[in-house]
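Engineer: Got a structure for you, written out below as structure tokens; questions coming shortly.
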Amino acid sequence: MTLRRLHAVTGRRMTALLALLGTLLVWAPAAHAAPAPDDLTNWLATDAVSTVLASAGAPNALPEEVTLGSPVRTWTWSARYLSGESETDPVVSSDVWAARITVRNEIMGGIIVDMTEASSTPPAVVWSAQFGDAIAPGGAQLVYDRTLRAWFTIRDGTVRPLTDEAHEVLAGPLGVDLAQEFVRQWNGVTDAASESQPILAPHETNMVLIATLLMAGLLVLVGIVVLSRKGDSPA
């Protein structure tokens, strides 16, 4: 093969490769923002309202007064984030979806539907305006902590508690990097060094200090008694 033909073949291959790469770059965002399954959207449009109104804490409302928003995919903590390996990819997408619940034009909560294959988990309803307000296409990532059964959001590298269970362990916004160790602890994932040196609660620390002082006092007292007996003994 001549040098000119070799250059021509190489050029064609590079062109094809660049075209393929361009196609992948176009399709990648589309795959990331894949639409909700048809079964889910159909159910939300037909039977979901009855499930919402039958849930605990539901307001006294007519079906026509309830509106369900577009379903949004939710997330969960990644294995790499829990292992402490990476803080740049804290979550992975799940096949659990959430849709906003609006009653009489007021956001009141959200319905959660597990579309994982072979899942038998029934839909759940969270009656919280804050939770419902967070369910928005293109908004913050909704993150479910399976251990706490709590919901958080992540946006612009910041973790925020969303439900009551989340507020119990995280008082307010915290950077993803700083939140990592807290997330690992409440999920029972700790380093060997941390396990060998457990952090004591304040009352436990006080008990250890008191026991140490008592032991030191007892040793001093024994020393005084021994010395006094030596001083009293005949020469």
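Read the figures in this text as sums done on the coordinates, not as results from a lab. Treat the numbers as computed from the prediction; the structure is a model and nothing was measured. Every residue, glycine among them, receives a Cβ derived from its backbone with ideal geometry; neighbour counts consider all protein chains shown.
Engineer: Look through segment 105-150, keep the residues that are of a type in the set (A, V, I, L, M, F, W, C) and under 22 Å from THR88 (Cβ atoms), and return whichever of them is farthest from the chain's Cα centre (by Cα).
Structural biologist: Filtering first and then ranking leaves ALA140.
Engineer: Another one. Is it the case that GLN130 is over 16 Å from THR76 (Cβ atoms), outside any strand (DSSP E or B) and free of Cβ contacts under 8 Å to residues at least 24 places away in the same chain?
Structural biologist: Taking the combined requirement at face value, the residue does not satisfy it.
Engineer: Within segment 85-120, which residues are assigned to a loop (DSSP other than H, G, I, E, B), of a type in the set (S, T, N, Q) and more than 15 Å from TRP75 (Cα to Cα)? Walk me through how you get there before you give the answer.
Structural biologist: Quick first cut of segment 85-120, residues assigned to a loop (DSSP other than H, G, I, E, B) only: 85-90, 104-105, 115-120.
Of the ones still in play, those that are also of a type in the set (S, T, N, Q) are 86, 88, 105, 116, 119-120.
Matches in segment 85-120: SER86, ASN105, SER119, SER120.
Engineer: Go through segment 139-169 and give me each residue that's over 14 Å from TRP75 (Cβ atoms) and part of a loop (DSSP other than H, G, I, E, B).
Structural biologist: THR147, LEU148, ARG149, ASP156, GLY157, THR163, GLU168, VAL169, listed by residue number.
Engineer: Restricting attention to segment 58-74, which residues are outside any strand (DSSP E or B) and surrounded by 14 or more Cβ atoms within 10 Å (Cβ to Cβ)?
Structural biologist: ALA58, PRO59, ALA61, GLU65, GLY69, SER70, PRO71
Engineer: Against the conditions (1) without any contact (Cβ under 8 Å) to a residue 60 or more places away in the chain; (2) under 29 Å from VAL66 (Cα atoms), where does ASP89 fall short? Just the number, please.
Structural biologist: Here ASP89 clears every test but (2).
Engineer: Of the residues that sit in segment 118-165 and are surrounded by fewer than 20 Cβ atoms within 10 Å (Cβ to Cβ) and among the hydroxyl-bearing types (Ser, Thr, Tyr), which one is farthest from ALA48 (Cα to Cα)?
Structural biologist: Once the filter is applied, the top-ranked residue is THR158.
Engineer: Give me a count of the residues in segment 106-128 that are more than 13 Å from PRO59 (Cα to Cα) and out of contact with any helix residue (DSSP H, G or I) (no Cβ under 8 Å at 6 or more places or on another chain).
Structural biologist: Residues flagged as more than 13 Å from PRO59 (Cα to Cα) and out of contact with any helix residue (DSSP H, G or I) (no Cβ under 8 Å at 6 or more places or on another chain) within segment 106-128 amount to 10.
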